[in-house]
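The values are calculated or read from the model by the stated rules, or taken from the named source; none is laboratory data. In this text, all values refer to a predicted model and were calculated from it rather than measured experimentally. Don't worry about glycine lacking a Cβ; one is built from the backbone with ideal geometry, like all the others, and counts go over all protein chains shown. Ligands, DNA and RNA are stripped out before the accessible areas are found, and what is left, the full protein with its side chains, is counted by its heavy atoms. Shrake-Rupley method; radii C 1.70, N 1.55, O 1.52, S 1.80 Å.
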Amino acid sequence: MNQTVKLPVGIDNFEELRTEDFYYVDKTGLIKELLQNWSKVNLFTRPRRFGKSLNMSMLKCFFEYGCDSSLFEGLAIAGETELCEKYMGKFPVISVSLKDASAGDYREARQMLCSIIRNEAQRFPFLLESNSLTEEEKELYRQLIAVGGIGEAAYTMPDSILTESLLLLCRFLYKHYKQKAVLLIDEYDVPLDKARHYGYYDEMVKLVRNLYSRALKSNDFLQFAVMTGCLKIARESIFTGLNNLRVFSVMNVQFDEHFGFSHREVREMLEYYGYGDRFELAREWYDGYRFGNADVYCPWDVINYCADLRADPKASPRAFWINTSGNDIIRSFIQTAKPGTRRELELLVNGESVNKRINQELTYRDLYSNQDNLWSVLFMTGYLTLRGEADGDTCQLAIPNREIRKIFIDQILDWFQEEARRDAPKLDAFCAAFPKADAGTIESLFNAYLARTISIRDTGVRKGKKENFYHGILLGLLSHREDWYIRSNAESGNGFSDILIEIEEEGIGIVIEVKYPDSPAGSRKSENAGDKPAGDASLEKGCAEALEQIERLGYDAALRMDGMDTVIKYGIACDRKRCRVMALT
C-alpha cells in the first residue's frame, strides 16, 4: 500500500494538490474540450461536492500568465502539445469564488462580496505602476483595492465601483498585457441562494444582475468566461440580454465526465490504496448519478470513504454528503407534499422512479413556490437523478444510491415525529398502552401512524434495513416519554435487543423486538413479481418469531438486573402501512 500520496479531503486548490503530493483524478480533459467547444460565457451547473471548485482552480493554473507547466506533467492535457503551446500561460486570469458570499442581511453580504473582489484585485498591484493605464484608471483601481476604517466608518465600494469591478479588472489587465482576460466565477449563485433564505433577495438580485451584466455582456476585454453553480438561474432574473451564455447542465452530453468520478476512476483509486475489494460497496453507496451519457460517483463521498478505509480497513460506507448541507430542500419537499406526492416519494425510496417535467429556468424566488419546482430543484441539486433517456424536459427521476436514500429516510422520520408530536393526547395514549400490556391499543394506534407515513418495501434493501425503518418510527414515538429510560440496540442477555424501556417509578421493564415478515412466497422473486403485502398469517408469524427471539436470547436480562419487577415483552411485525402487535407478560 502506498503511504506517501495523501487523499485530497477538502482540497480544491489545484496547485496545492499537485505540489503537496495528493492523489489526483485527472480532469484536465476539461481544458481540451473547453478550448474546442467554448463559448464566450460558459456556465457549468452541477450538484455540490462534484469537483467544480477544483476544476476552476485547474483552469486558472493552466491559462494564467506565469503558469507552472510542471503542474500538468503526466496529465492528459500535457499530451495536447499544440493546445498547450497556444493557450497555456497566455492570459491574465480573474478568478473569484462566491461560495462564502453569504450573510444574514444584505449589508453584510454586500461587504463580503466587496471583500472577495477586493482580494482578487489586490493580486495585480503592478497595475498601479503600469504605463498603459491612465491616472484616472489607476484611481479607479485604488478604489477596488482600498481598505481602511472600522465599524460604520469602514471603507466600502460604492455601487458604481462594485458593479463595474470585474469589467474594470478585465479592462485594466487588457491594457497592461495587450491580451484579453479569462474570467472565472465559481459558485456564482450562492449569494442569491443565501439572500432568498434570509429575506434580502430583491436587493441582492439587482446587485449581481448589474455585476454579471457589466462583466459578461459586450465586454471587449474578455477572452471568455467560465462560471459554475448548482442551478441555472432564469435569464430574466440575472442574465437579462446575455445572448452569449451557454449552459452545460447535468443533462448535457458535453463535459459529462469532467465533474464526478467514473467507474474506472473509483476502481483505480481504491486499488491504489489497497481496497479494490470494496469497489462494489462504494458503487452501491455513491454511484447512480447520470450526467449526460456518463455514470458518475460523487467525488467527496469516494475520497472520504477511502480515507476512512485507510484509518480502519473494516470501515463501512457512511453518508458523507449529508454533512455538507442542511438538506432544507428535502425537508420542505416532505412538509409541503400532498398525499399524491407522498405516494410518489414512497415509490422513490422504494427504488422506483417517477416521471416529472424538469424546469431548468427557475429563479431562486420561485424554488419553493410549488411542488413542481421542488422536483426540479431536487434533480438539479443531486438528490434525484435521471434514469433512461429524457423526453424533452420530461424525465424519469430516481434516488441515485444508498447514501441519498438514507438522507430521504432520515428526513421522513424527522417529519413524521414532528407530525406525531402535534397530537399529544394521541401520543400519550399510545405510550400509556405499553406498561399496561395493551397490545390491541398499541396495534390500533400504530397502524394509524403508519397510514400517515412513507412505507419502505424496497426489495433491493435487506430485510434488516426495512426493520430498522419501523424501529426508527417506533423509537421516535416512544421518546415522547422523557421520564422513561429508553435504549436502542442495547446489549442484553445473549444479543442486542431492538428497544429496552425502564419505567423506574413503577418497576416495569419493556422489551420490544421489531420484525419485517418474509414475502408471502418466502422469496425475493415473488415479492418483485407481485409486490404483495404480507398477510395476517405472515404478520402473526413475525410477532411470534420476535417473542421467541426475546425468550431464546434472554433480552429481558438487563432489565431484571436493573431491578425491574415486571417485564413485558412485545413482538411487533410491520409491512408497508400495517402492523401486528403481540404481548407476553
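Output the residue which, of all residues in segment 208-226 that are out of contact with any Leu (no Cβ under 7 Å at 6 or more places or on another chain) and open to solvent by less than 10 Å² (accessible area, probe 1.4 Å), is farthest from I117 (Cα to Cα).
The extreme case among them is F224.
Collect the residues in segment 404-422 that are under 16 Å from F320 (Cβ atoms) and open to solvent by 70 Å² or more (accessible area, probe 1.4 Å), keeping them in residue-number order.
The one that is under 16 Å from F320 (Cβ atoms) and open to solvent by 70 Å² or more (accessible area, probe 1.4 Å): K406.
Within segment 341-361, can you find the residues that are of a type in the set (S, T, N, Q), crowded, with 18+ Cβ neighbours inside 10 Å and under 22 Å from G392 (Cα atoms)?
Correct list: S353 only.
Does at least one position in segment 362-377 carry a residue that is surrounded by fewer than 17 Cβ atoms within 10 Å (Cβ to Cβ), in contact with a strand residue (DSSP E or B) (Cβ under 8 Å, 6 or more places away or on another chain) and either under 30 Å from G199 (Cβ atoms) or touching a residue at least 40 places away in the same chain (Cβ under 8 Å) (or both)?
Within segment 362-377, one or more residues are surrounded by fewer than 17 Cβ atoms within 10 Å (Cβ to Cβ), in contact with a strand residue (DSSP E or B) (Cβ under 8 Å, 6 or more places away or on another chain) and either under 30 Å from G199 (Cβ atoms) or touching a residue at least 40 places away in the same chain (Cβ under 8 Å) (or both).
Identify, please: which residue in segment 201-232 is assigned to a loop (DSSP other than H, G, I, E, B) and touching a Lys or Arg at 6+ places or on another chain (Cβ under 9 Å) and is, among those, farthest from S97 (Cα to Cα)?
Here the answer is D220.
Does R107 meet the test of being closer than 30 Å to C67 by Cβ, among the basic types (K, R) and either touching a residue at least 24 places away in the same chain (Cβ under 8 Å) or open to solvent by 70 Å² or more (accessible area, probe 1.4 Å) (or both)?
For R107, the condition - closer than 30 Å to C67 by Cβ, among the basic types (K, R) and either touching a residue at least 24 places away in the same chain (Cβ under 8 Å) or open to solvent by 70 Å² or more (accessible area, probe 1.4 Å) (or both) - is not met.
Out of (1) touching a strand residue (DSSP E or B) at 6+ places or on another chain (Cβ under 7 Å); (2) modelled with pLDDT of 95 or more; (3) not in a helix (DSSP H, G or I), the odd one out for Y24 is which?
(1)
Here's the yes/no breakdown for (1) farther than 30 Å from V226 by Cα; (2) in contact with a His (Cβ under 7 Å, 6 or more places away or on another chain); (3) not in a loop (DSSP other than H, G, I, E, B):
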| site | (1), (2), (3) |
| --- | --- |
| V247 | no, no, yes |
| V250 | no, no, no |
| D256 | no, no, no |
| F259 | no, no, no |
| V266 | no, no, yes |
| M269 | no, no, yes |
| R278 | yes, no, yes |
| V296 | no, no, yes |
| L309 | yes, no, yes |
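So for segment 120-136 (the condition being in a helix (DSSP H, G or I), touching a strand residue (DSSP E or B) at 6+ places or on another chain (Cβ under 7 Å) and under 23 Å from F224 (Cα atoms)), does at least one residue qualify?
yes
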